[in-house]
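Trainee: Following this message is one structure expressed as structure tokens.
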Amino acid sequence: MLYVAIILFALVSTGLLVLAIENFLTDVSLSVIIWQVPHASLGLLLLLAFVLGAVMLYIVSAASAWQDTRELKRLRRRVAQLEQEAANATTGPLPGAAPVVPMPGMTTPDISDMPTQH
């Protein structure tokens, strides 16, 4: 799966680089709400958009990974606590548990393991 991601990243990056180089000499005017850039290279704007998108994706991924790491640490502490409680617990029946009652009609030897004749 990692190789597929690397190959896909290389293909997209190569395509973007070719697109930026082809449009590097084309001047465009950029207008965003009230901010205006009179003349800018289209190839440079494409590369800038790609880099800003990659940075935003990295920030979101890092925040998600940080949250997952915190959750994993919390769960590991909980597992250690439960293992400690299980080690300290007695092996007897649980308090308030009903005693084991045999089913009516069952004889003393367990006949569930005997082969049947069909």
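Trainee: Please give the net charge around Gln84, taking every other residue with its beta carbon less than 14 angstrom from that of Gln84, where Lys and Arg add +1 and Asp and Glu add -1.
Mentor: Within the 14 Å Cβ shell, the charges total +1.
Trainee: Say the dipole of the range 2-76 comes from +1 at the beta carbon of Lys and Arg and -1 at that of Asp and Glu; which of Ala65, Ile21, Ile6 then lies farthest toward its positive end?
Mentor: Ala65
Trainee: A follow-up question, please. 7 Å from Cα along Cα→Cβ at both Leu25 and Glu71: what's the point-to-point distance in nm?
Mentor: Taking the simple label geometry, Leu25 and Glu71 are separated by 5.2 nm.
Trainee: Taking the Cα centre of the range 2-76 as origin, work out the dipole magnitude from +1 charges on Lys and Arg Cβ and -1 charges on Asp and Glu Cβ, in debye rounded to 20.
Mentor: 540 debye
Trainee: Just want the ordering: Tyr3, Tyr58, from fewest to most Cβ atoms lying within 10 Å of their own Cβ.
Mentor: Lowest to highest Cβ neighbour count: Tyr3, Tyr58.
Trainee: Right, something else. Does the range 2-76 come out rounded, prolate or oblate by the C-alpha gyration tensor, with a ≥ b ≥ c the root eigenvalues, rounded set by a/c under 1.5 and, if not, prolate when a/b is larger than b/c and oblate if not?
Mentor: Here the range 2-76 falls in the oblate category.
We did not get these values from a lab; they are worked out from the coordinates using the rules stated. Worth saying up front: this structure is predicted, and the values here are computed from it rather than measured. Because the Cβ atoms are built from the backbone with ideal geometry, glycine has one as well, and the counts that use them run over all protein chains shown.
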